[in-house]
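Inspection log for the structure reproduced underneath, given as structure tokens.
The values are calculated or read from the model by the stated rules, or taken from the named source; none is laboratory data. Here the structure is a predicted model, which is why all the values come from computation and not from measurement. Neighbour counts run over all protein chains shown; Cβ positions are idealised from the backbone, glycine included. In case anyone asks, the SASA skips ligands and DNA or RNA and just uses the protein heavy atoms, side chains included. Shrake-Rupley method; radii C 1.70, N 1.55, O 1.52, S 1.80 Å.
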Amino acid sequence: MVDNKVITIHEQWHPILGKEIPLIEPYHYVKLSRILSPPKLLAHESGSVGKVLPYIRQKVKMWGADVLRAENIKTLIDEDDELSDEESMIDESQDLKRNQLSRFDCIASLLASAECTVAQDIFRTLSQFPIAFPLVLPELDEAGKFKVMLPSFTGPIIKWETKPGTIIENHLFNDPFQLIVAVRIGNNSSGKSTILNQLMASNTMFSSRSDPRAEYGIPHMISGSIEFTWLTKETCSISLWNDVFENYYKEGTNKIILLANLHSKLVPKKWYMATTMKKVRMMFKEALDIDNSDTLPFKISEIKLGKSLQFSEDIEFHVSQLLVDYVKEKTCRHIKLNVMQLQRRQQSDDGLQIWKNNSELQVLIQLFKFVLKLPINKRIQALAHLEREISRLSMIESSKARNQAVLKNEELRKSSLVNRSQKDEKTIQDEIAKIWAEVDDMSLGLEHFFRELGQLYEIFSVNNPSDEIILKLPKLYSELLISGHTIELVNGDTGTMSETWFSAICQHICNEYPNLKIFVISILGLQSSGKSTLLNALFACRFAVSVGRCIRGLFMRLLFLEKDLSDELNIDAFILIDSEGLGASEKMNDPESEKKDRKLTTFAMGVSNLTILNVLGESTRDLARLEKAGMAPDILMVQHVSERNITKISEPEEKFREALREALKIANEQDQEMGISNTDCFHILDERIQNGQLLKPFRPFKNGATAYAPPSEQYHEDVVNLYNSIIEDSKNSKNKIKFSTWYSLIQSYWKAVSNENFAVRFKNIKEIYEFIDSGKRITKLKETIDRSFQKHKESIMQEVRSKLLNWSPNDKSNINSILRNECLKLINEKLRNVPDCNIKCEYEEIDKEESKFEFEFNIKIKCEECEKTNKERIELEEYLRDKNNEKCEMEAKQTIENYIKLNRKSLFTKLTQMLETSFIRKGISSESSDIVINTHLENILKNMSNEGLSNQQRQQKIDDVWNLLQQHMLSKDNTIPIEEKINKEIKDEYYLLPREIYHQYIKGNIPDLSNRKAYKIISKPYLDHFSQFIETKELVVLEDKLDNLIDDILKEKAAYYFYHGIIRDLKNRILKICPNYYLPEFKWNVHLYALLMFKPKMISCQEKWDKENTPLGILN
């Protein structure tokens, strides 16, 4: 982005602003810096306002608007630098050279130096405080010209309470208002502003001669300006509120009363002259009685101003207004349910047809593209206009339903207090859920346009890759993201990620900033716990905030750092991830909602370097809802408490620790799979509480109990402290990552999290990398273990064959039983030491009589494969030990031990089967023949008549014995069916396999690779001659390789039967076959094709082997 543009200051304002000041644009406004110290200006210092603006701007961004109180502005001047008594006797003209730093000059310059969307953001923050604002202020670069701030002040919501539980919302200057104007007549000793201030909650509401340091002169910019505020309980004095406005608002009107204070001697047609405060209050009451019902709503664009006045730059553009008008005409509900059909049918195969048949959607997208194609500055402004107006339309449209939900909640509360009927409560809860579903149907935001574009991008990337949605829109959205605009990361309605669309946007960011280093922060907490509010205060964000109906899914924002902070932290930007509120009241006890909560929590924490966990009060409920998330030690926990006494702020810590113990108990009892992971994590949290490193207690957000009470100064202080902790954490973090790596990683991680069987195991980016790396090392070790067992299998079978060579079928001794026992003992003992036979050789005790030569001989015959396995095992253990992750180390150790046991058991079964088969082939009687044949023959002989058996009877008896023998051996065969083995190993090895691909595997649907797009799109000049479908020759070669994979693997292993690890070997070979220029979707289908070709061949090979190498196979 370009450096700041500057505003050239007219010489009239040089004494307070200097010759130029920077124009604050969105990209620069959201840039992050260290917390600035309060400046200390000299009493005679020029350019004072320009020098304090950066400090004031940062304070306002972080909701410290109290800095703009007149009494606080005074503290920015170094009182020690004041003139001495002797110097103060100089004539009055000298006083004008003193530092006249004033509240009005500061707030006017703050707004005048901001680009229009920034000015709107500043006012949105300031509007939460009971202060006066400059509705008209002078232009900074031209004398005698004034700027009317109406466009920048339109839209914020002002609230008041008509009766307990009933809140009225007024969208400033969009909804009805009445403006009372105060002007000065003559030269009374009591100034107009001074009189007005006596009616307000603060005696410095309007700039007056009573302000601190006013004795040194009036504010430079006050003449000709107009200050205004709204008259609500927060801004009025007690007497004005009780006497005039309380009854007015109780009537339920949504018309707000505004008070404008003209700092000039202009006299309107209708005016009142006040002599006492009581008369002034009566004048307000009379003003309320004026009938202005015939006043029509106004449009700013239709207002005509005089030559000296002009409106501040508006965020409204013709193209954005066209879209607003279209939505208003169709209604938000219709747009969401009937027009935006693609995002509602994401799994549909007929997306292109839906697009072609939906003319309303085509118009909507065309209008939205007009907005996106504006230059970046205008694009940001137009989107801010869309966001404001569509949000307002949604709120108006859904107001009736939201009021019904409030009434139903009250009914539910009364029902639970009176009769405690679970049935009645369930009925009301269902009704509330239904009402909120209706509200959702009418809730439309920019994220819905973003989702629809994402679906179109995926459709057009296949069917029309030359469309501007493919060629231009990802770059346009990347520019927005770079400028600090928020985009949706995960769809909150469907719980999906538009991976192709997101990837295309991120790729353009990588092109612009190839070495961008980031630190990722996410925030989690229950619904309406103030997560978005906290992020807005920390980083001047614009995440959606409203009671009970907040954001859905996950949203992300990219914020760059000022160079000095970037150099200090060794990162370029923060990524902020705001999550959907967990535990929505209308979704309680809904398994799908709980599943979604877990998925979003897991994903947000897994892709973050730092997670802020936002909790309320003791937060036992919060932790119970989050206990399956595997909370990371690298988190900061913000706890909002109601106690204002600083000495009691620490009291909730013990309650919180008790909540931790409860959550730990729940984790241990409910989810065995979490086990040590959760236990360790909670203990770490407890330790960090004791060390004062985890818990960040936040004092009350509101300074009062009224409907529109302002944020408290204590909340601002807590925000600053948390911000400093975040900066310090990012400085100390060793997990910084490049943006290019992060965005590609989160797509794989999302697939993993989306798999309902995926274990919640990763704390952060670093652990994901370590998991992948350790997985590769474990795979390598498993391969050496396989080779060790294979080597010993061959050695054991050679020894068994050698023993069988010495047997004679004519031997009548008890050698059969002895020989079998010897062979079984040999198999058992040899396998017991695999893959540790060398360790056994080195350390087992030898007989005293054994010679030194024999001992040395034992050492020299070490097994080479076991030696390699032992070496790999030691390297893996050292690697895991260096990571200082006991949990990971234990899991890896257990995985290897289980794999060795599995191989040992499998090979023992194979060898004993082969042994029994060898006995049968050589005519050695087996245990089965002893039990079945001999016993049955004895019964035949005992029961046979003197005449003997006929040929037919003899054959029948033989068949009976044969069948009994087969049944007996079948009952002793505990071998798992081959198909079941294959399916289980595929499920274990391919745990990231997309669900639809896995379903196709289960159904046995072999994909037609010729009909699927295979190649990634190359550069644009070649598109006309480029087909994404695989070339015929390449397909023939590819399928031939895939068809022969099983033969190649079995031939290499010299084992024509199923062994544990064969799917892993198969997967690795497929990965090597697929080149990088294949599309990910095509690669998955290649795997599917190979697996379905492998399966029947493997079954056939196993059956053939079983016939030749198992007793039952030989008998059959």
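Points worth noting:
- Here's how it looks for Leu41: its modeled amide H is under 5 Å from those of Ile77, Asp78, which are all 5 or more places away or on a different chain.
- Sequence-separation-based contact order of the range 324-464, relative, with Cα cut under 8 Å and 6+ spacing, percent: 39
- Listed cross-link partners Lys734/Lys1083; Lys751/Lys984; Lys40/Lys307; Lys51/Lys233; Lys31/Lys434 are compared with a 30 Å cut-off, the Cα-Cα value being larger for Lys734/Lys1083; Lys40/Lys307; Lys51/Lys233; Lys31/Lys434.
- Virtual spin-label span in nm between Leu309 and Leu941, 7 Å along Cα→Cβ: 12.6
- Shape box of the range 324-464 [Cα atoms, principal axes, largest first, Å]: 62, 36, 23
- Values of log10 I(q)/I(0), in the order q = 0.16, 0.19, 0.26 Å⁻¹, for the range 424-503 under a Debye, Cα-only, solvent-free model: -0.70, -0.86, -1.25
- With Cα atoms as the point set, the range 335-394 shows a radius of gyration and Dmax of 13.7, 38 Å.
- Carbon/sulfur fraction of accessible area - the range 978-1115, other protein chains in place, 1.4 Å, %: 53
- 3J(HN,Hα) along the range 100-114, derived from phi through the Karplus expression 6.51 cos²θ - 1.76 cosθ + 1.60 where θ = phi - 60°, amounts to 9, 3, 10, 4, 5, 4, 5, 6, 5, 5, 4, 7, 5, 8, 9 Hz, with x in place of Gly and Pro.
- When the range 978-1115 is reduced to its Cα atoms, the Kirkwood hydrodynamic radius in Å: 16.4
- Summed side-chain charge close to Lys563 - residues other than Lys563 whose Cβ falls under 10 Å, Lys, Arg +1, Asp, Glu -1: -4
- Working ranking of peptides 1002-1008, 909-915 by packing, defined as the average number of other Cβ atoms within 10 Å per residue, highest first, is 909-915, 1002-1008.
- Label zone of Asn724 (point 7 Å out along Cα→Cβ, amide N under 19 Å): in the range 42-57 this covers 55-57.
- Cross-link check: pairs Lys782/Lys871; Lys957/Lys1107; Lys1041/Lys1067; Lys910/Lys981; Lys793/Lys901 evaluated at a Cα-Cα cut-off of 18 Å; pairs beyond the cut-off: Lys957/Lys1107.
- With the highest mean first, a sort of the peptides 101-111, 43-53 on other beta-carbon atoms found within 10 angstrom per residue produces 101-111, 43-53.
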